[in-house]
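One structure below.
The values are calculated or read from the model by the stated rules, or taken from the named source; none is laboratory data. Note that the structure is a prediction, hence the values are computed from the model and not measured. Note that each Cβ is placed from the backbone with ideal geometry, even for glycine, and that neighbours are counted across all protein chains shown. Accessible surface areas use protein heavy atoms only, side chains included; no ligands, DNA or RNA. Shrake-Rupley method; radii C 1.70, N 1.55, O 1.52, S 1.80 Å.
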Amino acid sequence: MKVPLLDLKAQYRTIKTELDEALIRTAESQYFILGPEVEKLEKSICEYLNCKYAVGVSSGTDALLVALMAIGIKPGDEVIMPDYSFFATAGVVSRLNAKPVFIDSDIQTYNIDVSKIENRITSKTKAIIPVHLYGQSADMEEILKIAKKYNLKVIEDGAQAIGVQYKDGNYVGTIGDIGCFSFFPSKNLGCFGDGGIVTTNDEALFERLKVLRVHGSKPKYYHKFIGGNFRLDAIQAAVLNVKLPLLDSWSAKRRENAKLYTDLFIKNGLSSKSGVIEYTEKDKVLLPNAVYKENNLMNYHIFNQFIIRVEERDRLREFLTKNEIGNEIYYPVPFHKQECFGDVLKEYKYSNDEFIVSELASNETIALPIYPELTHEQIGFVVNTIKSFFN
Ligand SMILES: *Cc1c(COP(=O)(O)O)cnc(C)c1O
């Protein structure tokens, strides 16, 4: 049995008519950039996330970049973020000649370890970028507390977490000053190429974001500041307008799949329960701290990725690949070990154990297929294959 990591064709088949129609409608309109489809999407996203403003942009990376520009990040400013995330989170900070400051991860969620943030705040610190990694919220309550105390802006990287609700019921991306989302095809809400959106409840930031999206021009050809071409294509918005109403049902399926994995790993004697952080006789596979709130209808975790930890990760990876089971490592190299950040890191002294969790995550975690259209048989096959690996 073949189990791909992701099967976008399976999703396409279920809504082919509506999607094809949206593509043709856009072709017939010959309206390609921004315009009515993008405005419709921005309005729908505001309603869905319960926030005041949304600005469609060219990618999740550009969402982060334009957000940092909007809060006025300047060369030499410091921006705090987790050491363990997709490269874009850190890359955008460096592109503005500001300095990314890396914080170790929390072992339960792989999100930023909030207890280690304050140690790294200096007079140059201007913002924090929490990443809601794998589709689970960072500890926003504590992050907002720190931000308030030190007068920092909070830019949420929600690229993997659209539709995730924090414990107070608010959607991630609407809790800090600006929320950033990606519509890259493999995200929970993906378009037919690159796309993204920024959200905010602050009117002044909204106005700035809109102007920055079109080279900082307002009115046209008059530039008070320098922006970029961060515009979203109409064709992407048209696709997303078809998909957004289905997002919650897809997230629910992902959660169901995660629950099935958890049950099967436990039933097969590979794990004792979710959220265990130490290997034991009973815990060869460490399962995500999924916070399975039974009967809770909130989207506390949308499982953009289902991540397990195993000691012999690389050997397991080979075994899965040989058995035609899709898998991936998100991410093999934490920021503090990336060659491009060598110069940044020279300045701030860190001890050998400063990034102990992010290193462990990069060495021992692996993503298993979790997409909504996955069948129970496929999930069973993945667990059985992992069981036979341990035998
Ligand atoms: C995907 C991703 C991004 C970048 O989004 P793109 O649309 O690919 O530019 C940023 N941050 C995180 C955490 C991501 O997963």
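Here are some notes:
- Probe 1.4 Å, all protein chains present, accessible-area order of ASP83, ASP343, largest first: ASP343, ASP83
- Dipole check for the chain: with +1 at the C-beta of Lys and Arg, -1 at the C-beta of Asp and Glu, and the Cα centre as origin, the magnitude is about 580 Debye.
- Potential extension, GLU318-GLU256 segment - 0.36 nm per residue separation minus Cα distance: 19.6 nm
- Between region 1-74 and region 315-367, the Cα center-to-center distance that results, in Å: 30
- Cβ-based charge dipole, region 247-390, positive-most Cα from THR262, GLN338, ILE277: THR262
- With the charge dipole of the chain set up from +1 on Lys and Arg Cβ and -1 on Asp and Glu Cβ about the Cα centre, the Cα lying farthest toward the positive end among the listed residues HIS223, TYR134, GLY56 is that of HIS223.
- Only beta bridges with both residues in the chain are counted; by DSSP, about 60 percent of them are antiparallel.
- Sparsely packed trypsin sites (Lys or Arg not before Pro) within region 337-369, loop by DSSP, other Cβ within 10 Å at most 15: LYS349
- Dipole of the chain, positive end: most advanced residue of VAL114, HIS301, VAL79 [Cβ charges, Cα centre]: VAL79
- Each residue, GLU373 and SER186, gets one label point 7 Å from its Cα in the Cβ direction; the gap between the two is 1.7 nm.
- Too-long pairs where the Cα-Cα distance tops 26 Å, listed order kept, from LYS145/LYS337; LYS282/LYS337; LYS9/LYS187; LYS99/LYS337: LYS145/LYS337; LYS282/LYS337
- Averaging the sequence gap over all C-alpha pairs within less than 8 Å and six or more residues apart, then dividing by the number of residues, gives the chain a relative contact order of 21 percent.
- Aspartates and glutamates whose Cα lies under 12 Å from that of LYS116, excluding same-chain neighbours fewer than 8 positions away: ASP83, ASP104, ASP106, GLU142, GLU354
- The length gained by stretching the chain between LYS16 and SER249 to full extension, at 0.36 nm per residue less their Cα-Cα distance, is 82.2 nm.
- For region 48-107, size of Cβ-based charge dipole, Lys and Arg +1, Asp and Glu -1, in debye: 300
- Label point distance in nm, GLU311-ASN391, each placed 7 Å from Cα along Cα→Cβ: 2.0
- Calculated from backbone phi, Karplus (6.51, -1.76, 1.60) coupling profile of region 274-281 in Hz, x at Gly/Pro: 6, x, 6, 10, 10, 6, 9, 4
- Sequence ranges 25-37, 253-265, 216-228, ranked by mean other-Cβ count within 10 angstrom, highest first: 253-265, 25-37, 216-228
- Bins of 10 Å from zero: percent of alpha-carbon pairs in region 8-245: 8, 33, 35, 18, 5, 0
- Rounded to whole Hz, the Karplus (6.51, -1.76, 1.60) HN-Hα couplings of region 191-196, x for glycine and proline: 9, 9, x, 9, x, x
- Hits among lysines - C-alpha to C-alpha of LYS43 under 18 Å, sequence gap 8 or more where chains match: LYS52, LYS210, LYS243
- Computed magnitude of the charge dipole of region 1-107 (debye, nearest 20; Cβ of K, R +1, Cβ of D, E -1): 160
- Residues in region 171-184 carry Karplus couplings, in order, of 7, 5, x, 10, 9, x, 6, 9, x, 10, 10, 10, 10, 3 Hz; the curve used is 6.51 cos²θ - 1.76 cosθ + 1.60 with θ = phi - 60°, and Gly or Pro positions show x.
- Loop-located trypsin sites (Lys or Arg not before Pro) in region 86-127 whose Cβ has at most 16 other Cβ within 10 Å (DSSP): LYS124
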